[in-house]
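The values are calculated or read from the model by the stated rules, or taken from the named source; none is laboratory data. For clarity, every value in this text was computed on a predicted model and none was experimentally measured. Glycine gets a Cβ as well: all are built from the backbone with ideal geometry, and neighbour counts include every protein chain shown. What goes into the accessible areas is simple: the full protein's heavy atoms, side chains included, and nothing from ligands, DNA or RNA. Shrake-Rupley method; radii C 1.70, N 1.55, O 1.52, S 1.80 Å.
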Amino acid sequence: MAKQAINKIIDGKLIASQITDEIKKELSLHNNIKPGLALILVGNNPASEIYVKMKEKKCAELGYHSIVNRLSEKITEAELLAHIRSYNNSSKIHGILIQLPLPKHINEMNVLEAVDYRKDVDGFHPINAGRLMIGEKCFTPCTPAGIHELLKRYNVITSGKNAVVIGRSNIVGKPIANILLQKSKGANCTVTVAHSATAGISEFTKKADIIIAAIGKPEFLKANMIKKGVVIIDVGINRVDDPDSKKGYKVVGDVDFNECSKKASLITPVPGGVGPMTIAMLMKNTLDSAMKRIYS
Ligand code: GUN
């Protein structure tokens, strides 16, 4: 008898396009609302350039008002803060995003704190981070919000399950751990956060029903580290050398997809998993801000 295919790919591209369609539908019902997003890019980081262009393109597709402010690598912190203040005061701008990382001479926390928390569609302001932790209404960082949405829309049973988050960044690891801990839909998990200093990481991942891999190490999670039926969300975007490819490189996640997909019940691919969700959730946060759904 042929072996039954039990594995399933989580299609982030499809869910992101559904969210985009939902936003378009909502906007068609509210002709007076034009969400506005200011995107600030400091310096010439090639990856940041690509991300900002993708965000700008999505804004155009949805009919949002968007401003891309490209600033010199040499800008002072005070000058950058002045740009942020002008967007804080603009009635046309509902969301402000400063693409990270910033040049080393700029204090990242000073910059994130300068954004009006009511326009903080990235969810990086300490007010939003704190409110997320205590389960209050807030802007949720886009990648973790996208992961949560994938779990909900794929009807993953999360309540009472063991979730292991690999990685403790402020952008992904800590916020997704806080989301999964909440007593709410698509959450209510027992959460473990593992990281680069965790000893015997396999002992944790082998017990996990859900794994969120966000450690930034190519193909870190192997099949011998997981149990059968686990749900795996791969947040990694890593460039590795690939002499077989024309470009000389390929993009892989933090999960060894070939190995792990054979044991997982659900798994996100890279690309086409979490990546498209991040931009979709940014658009959703910006719409929510324009509609004054988070802070009125
Ligand atoms: N750099 C890497 N990820 C992100 C993100 O989600 N938002 C911003 N602003 N910068 C990033």
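Brief remarks follow.
- Scanning region 87-136 for residues that are in contact with a Phe, Trp or Tyr (Cβ under 8 Å, 6 or more places away or on another chain) and more than 16 Å from the ligand (Cβ to nearest atom), we see that the one that is least open to solvent (accessible area, probe 1.4 Å) is 127.
- Residue in region 254-265 that is nearest to the ligand (Cβ to nearest atom), counting only those that are free of Cβ contacts under 8 Å to residues at least 60 places away in the same chain and open to solvent by less than 40 Å² (accessible area, probe 1.4 Å): 255
- Every test in (1) open to solvent by less than 60 Å² (accessible area, probe 1.4 Å); (2) closer than 27 Å to residue 293 by Cβ; (3) outside any helix (DSSP H, G or I) is passed by residue 75 save one, and that test is (2).
- Output for region 43-55, where each listed residue is part of a loop (DSSP other than H, G, I, E, B) and either within 20 Å of residue 286 (Cα to Cα) or open to solvent by 50 Å² or more (accessible area, probe 1.4 Å) (or both): 44, 45
- The strands (runs of 3 or more DSSP E) falling completely within region 191-286 that include 3 or more residues that are within 24 Å of residue 14 (Cα to Cα) map to 210-213, 231-234, 249-252.
- Yes/no for residue 58 being touching a helix residue (DSSP H, G or I) at 6+ places or on another chain (Cβ under 6 Å) and open to solvent by 80 Å² or more (accessible area, probe 1.4 Å): no
- Residue identified as out of contact with any His (no Cβ under 9 Å at 6 or more places or on another chain), among the polar types (S, T, N, Q), surrounded by fewer than 20 Cβ atoms within 10 Å (Cβ to Cβ) and modelled with pLDDT of 95 or more among 190, 268, 278, 205: 190
- Residues satisfying the stated conditions in region 61-72, i.e. open to solvent by 50 Å² or more (accessible area, probe 1.4 Å) and outside any helix (DSSP H, G or I): 65, 67, 70, 72
- Test: residue in region 167-186 that is at negative phi, among the charged types (D, E, K, R) and within 16 Å of the ligand (Cβ to nearest atom): yes
- Unique match (being at pLDDT 95 or above, out of contact with any His (no Cβ under 7 Å at 6 or more places or on another chain) and within 16 Å of the ligand (Cβ to nearest atom)) among 238, 162, 224: 238
- Restricting attention to region 157-187, the residues that are within 17 Å of residue 221 (Cβ to Cβ) and either surrounded by fewer than 18 Cβ atoms within 10 Å (Cβ to Cβ) or not hydrophobic (A, V, I, L, M, F, W, C) (or both) add up to 5.
- Residue, nearest to the ligand (Cβ to nearest atom), within region 137-155, restricted to residues that are surrounded by fewer than 18 Cβ atoms within 10 Å (Cβ to Cβ) and in a loop (DSSP other than H, G, I, E, B): 137
- Some residue of region 116-131 being assigned to a helix (DSSP H, G or I), within 22 Å of residue 291 (Cβ to Cβ) and in contact with a strand residue (DSSP E or B) (Cβ under 7 Å, 6 or more places away or on another chain): yes
- Residue 40 vs. criteria in contact with a strand residue (DSSP E or B) (Cβ under 7 Å, 6 or more places away or on another chain) and part of a strand (DSSP E or B): yes
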